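Participant: Got a structure here, written out as structure tokens. Questions coming.
None of the figures in this text is laboratory data; all of them are computed from the coordinates on show. Just so we're clear, the structure is a prediction, and the values are computed from it rather than from any experiment. Neighbour counts are summed over all protein chains in view; Cβ atoms, including those assigned to glycine, are modelled from backbone coordinates with ideal geometry.
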Amino acid sequence: MKYALIKKEDLGKWLEHMKKKARVYVPKKKENQFIFRPLYDVGEVCLKYIPTILPPKKYYFPQKEKLLKFEVEPFKTAKAFKEFEEYILFGVHTCDIAGIQCMDIVFRETPEDPNYLNRKDKMTIIGIECLEYCDKYANCASMGNHEPRGGYDLMMIDIGEKFILHINSEKGEHLVKGLAYIKEADEGEMAALERVREAKKKVFKEEFGAPLTKIYEAFDKLFGSKVWSEVAKKCVACGNCTTVCPTCYCFDVYDDLDLSLNEGIRYRLWNSCQMDDFAKVMGGEDFRKGRDARQRHRYYRKFKYPVDKFNRYFCTGCGRCTRTCMAGISLIDTVNAIATELTWAEKAY
């Protein structure tokens with residue numbers, strides 16, 4: 001079966017079933033925010049939530065990760081971890097699934113990253129389709145990520161008292177097969193799904209003032225735009241925007257020696273292009289000295305460079321960067337300012 005059905009009252013039963021198969025991570029409320037955390041009590045699960053503080057990438061690309069153990073004398077190395085546990089990400093928004101797809105592209109590029117791939121192979125993704133905006137900061141419709149575009153094993157769609165489950169992989173099928181309370185969706189339920197999808201079209205609108213092709217053209221032609229100096233005046237270089245982004249993957253590597261100075265562990269940890277020393281090299285040269293250059297680089301890494309290299313935009317429209325910015329810098333406003341400047345430039349000629 002391609003489409004299954006589960007009643008909302010049976011959701012807790014299903015979650016308990018999945019707990020027996022793998023570790024399950026779910027969205028939970030934390031004060032006035034939301035986070036992904038291991039499932040202990042099914043009553044804590046929140047399926048209507050604004051994007052979590054950190055995206056679920058922390059489970060397949062950890063903030064701090066042991067890469068290997070080593071000895072200096074005699075020199076030898078060993079992998080810190082040989083096997084990773086099976087786990088399920090439950091209730092993932094489509095914008096975050098798009099972020100996972102972007103990370104797949106990066107870490108599967110030669111040379112492939114074995115730690116990332118091993119974790120990813122152990123992961124099962126159960127998404128939930130948003131039927132309304134999470135808040136005013138999202139730009140998922142302009143990025144085309146308000147709708148499922150693959151990258152998941154199961155997708156949940158709310159049709160009232162029930163969820164339609166789109167089965168998209170063998171992993172997903174194994175999680176619903178043989179359960180008496182999960183049935184194949186019939187014609188009436190599929191008709192309800194179509195009505196929900198039609199209603200959704202009236203809710204989501206383009207958040208940017210120009211199509212993506214025009215925005216790409218603006219980034220291509222306006223590298224020296226005055227917009228970046230205006231953004232720099234607000235930026236406090238906290239790095240929040242990159243920390244919460246589902247497609248930022250910059251990292252640093254360092255070795256931690258024990259007191260004997262003979263044994264140690266090599267770690268990988270997240271880094272940010274917004275940090276003052278990120279682009280500094282030996283001799284003190286800094287290739288992105290000002291906050292204008294650093295902010296410009298961040299935007300180009302979403303709307304220009306990955307399009308050239310991977311033919312894909314690396315902004316997923318989740319709105320996290322705007323939501324967490326201490327200076328109130330809005331991604332939508334910045335992108336619209338760049339597109340508007342291009343329009344003015346074209347009119348001038």
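Participant: Given the DSSP H assignment, sum -39500 (n - 2.57) over each helix run of at least 4 residues in the chain and divide by its residue total; what's the result at 222 nm in deg cm²/dmol, nearest 500?
Facilitator: After summing the helix terms and dividing by residue count, I get -10000 deg cm²/dmol.
Participant: Counting only residues 5 or more places away or on other chains, whose amide H sits under 5 Å from the amide H of L68 once H atoms are built in the peptide plane?
Facilitator: Sorted by chain and number, the residues that satisfy this are A80, R266.
Participant: If the only charges are +1 at each Lys and Arg Cβ and -1 at each Asp and Glu Cβ, what is the size of the charge dipole of the chain around the Cα centre, to the nearest 20 debye?
Facilitator: Using only the charged Cβ atoms, the result is roughly 480 debye.
Participant: Which of C134, C140 has the fewest other C-beta atoms within 10 Å, and how do the rest follow up to the most?
Facilitator: C134, C140
Participant: Starting with the fewest neighbours, write out V335, V244 ranked by other beta-carbon atoms found within 10 Å of each beta-carbon.
Facilitator: With the fewest neighbours first, V335, V244 line up as V244, V335.
Participant: Determine how many Å³ per residue the convex hull of the Cα atoms of the stretch 45-197 encloses.
Facilitator: In the stretch 45-197, the Cα convex hull volume per residue is 153 Å³.
Participant: Could I ask something else about it? In terms of modelled amide H atoms, which long-range or inter-chain residues lie less than 5 Å from the amide H of F251?
Facilitator: N271
Participant: Set the Förster radius R0 to 22 Å, insert the Cβ-Cβ distance between E187 and K7 as r into 1/(1 + (r/R0)^6), and round the FRET efficiency to 0.05.
Facilitator: 0.75
Participant: Take the cross-link list K120/K226; K30/K226; K234/K280; K30/K69; K58/K302; K122/K289 and give me the ones stretching past 29 Å between alpha-carbons.
Facilitator: Exceeds cut-off: K120/K226; K30/K226; K30/K69; K122/K289.
Participant: Explain nothing, just compute: Karplus ³J(HN,Hα) = 6.51 cos²θ - 1.76 cosθ + 1.60, θ = phi - 60°, for every residue of the stretch 55-63 in order, whole Hz, x for Gly and Pro.
Facilitator: Listing the rounded values in order: x, x, 4, 4, 8, 10, 9, x, 4 Hz.
Participant: May I ask you to evaluate 6.51 cos²θ - 1.76 cosθ + 1.60, the Karplus curve with θ = phi - 60°, for each residue of the stretch 211-220 and list the ³J(HN,Hα) values in order in whole Hz, giving x for glycine and proline?
Facilitator: Residue by residue, the stretch 211-220 yields x, 4, 4, 5, 5, 4, 4, 5, 5, 5 Hz.
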